[in-house]
Amino acid sequence: MIWELPSKPWGGREAGTERLEQAMISYQNALLERTRDRVPLDWAMTQMNLGSAFLVMGKREKGTELLEQAVTSYQNALLERTRNRVPLAWAATQNNLGSALLSLSLGEREAGTERLEQAVTSYQNSLLEYTRDRVPLDWAITQHNLSNVHIVYFDKTNNTTPFGLRQNPRHRRARYL
């Protein structure tokens, strides 16, 4: 699940990026005091929020720099948001990482499928904790995100075999249902 920053009252979107830019600066400033050594989980949460700001902003641009920064922020967050320590927060971060990786593959940003494969891994990791019984809405959102990867993969390759199944036969459809 991607937590988008509020942009305008009543669900409307602002055309500009000033608030997103302010949010990114504020998160980066917060990291000056919310250090990994001092408050590791707060640092990780701030990394996650920074990643989400980069992701939202990066989706609005054609380039990849902000999306790459989103990936880096999510990967940083995973250093402290481990599965053993905070399983649902780990799953949320894995899901957001998958979304950033998928966004890097959309359109003409990247031609290959490496990021899509990484996105599948992140979404599959998320589903290890986001089970249907435990958190059905998060499970459904992640299933939807995983489906989007397969659609983009097909658009890029015209290959109808879901590559997550082709690459790792133990990941069968029933595992996630």
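The values are calculated or read from the model by the stated rules, or taken from the named source; none is laboratory data. On a predicted model such as this, the values are computed, not experimentally measured, just so you know. A quick note on method: Cβ atoms are made from the backbone with ideal geometry, for glycine too, and the neighbour counts reach across all protein chains shown.
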Positions within the stretch 98-146 being assigned to a helix (DSSP H, G or I), surrounded by fewer than 16 Cβ atoms within 10 Å (Cβ to Cβ) and modelled with pLDDT under 95, in sequence order: GLU114
Top-ranked residue of the stretch 149-165 - restricted to ones that are in a helix (DSSP H, G or I) and surrounded by 17 or more Cβ atoms within 10 Å (Cβ to Cβ), ranked as modelled with the highest pLDDT: VAL149
Single residue of ALA44, ALA119, ALA77, ALA70 found to be within 23 Å of ASN159 (Cβ to Cβ) and out of contact with any strand residue (DSSP E or B) (no Cβ under 9 Å at 6 or more places or on another chain): ALA119
Subset of the stretch 22-39 [over 18 Å from PHE54 (Cβ atoms) and surrounded by 15 or more Cβ atoms within 10 Å (Cβ to Cβ)]: ARG36
Meets criteria (assigned to a loop (DSSP other than H, G, I, E, B), touching a residue at least 40 places away in the same chain (Cβ under 8 Å) and under 20 Å from VAL149 (Cα atoms)) for GLY51: no
Residues of the stretch 34-78 satisfying the condition of being at pLDDT below 95 and charged (D, E, K, R): LYS59, ARG60, GLU61, LYS62
Single residue of the stretch 12-48 satisfying the filter (in a helix (DSSP H, G or I) and touching a Phe, Trp or Tyr at 6+ places or on another chain (Cβ under 8 Å)) that is farthest from SER105 (Cα to Cα): LEU31
Count - residues of the stretch 50-95 that are touching a helix residue (DSSP H, G or I) at 6+ places or on another chain (Cβ under 9 Å), surrounded by fewer than 19 Cβ atoms within 10 Å (Cβ to Cβ) and within 25 Å of GLU18 (Cα to Cα): 7
Scan of the stretch 9-33 for residues that are modelled with pLDDT of 85 or more and among the hydrophobic types (A, V, I, L, M, F, W, C), ordered by number: LEU20, ALA23, MET24, ILE25, ALA30, LEU31, LEU32
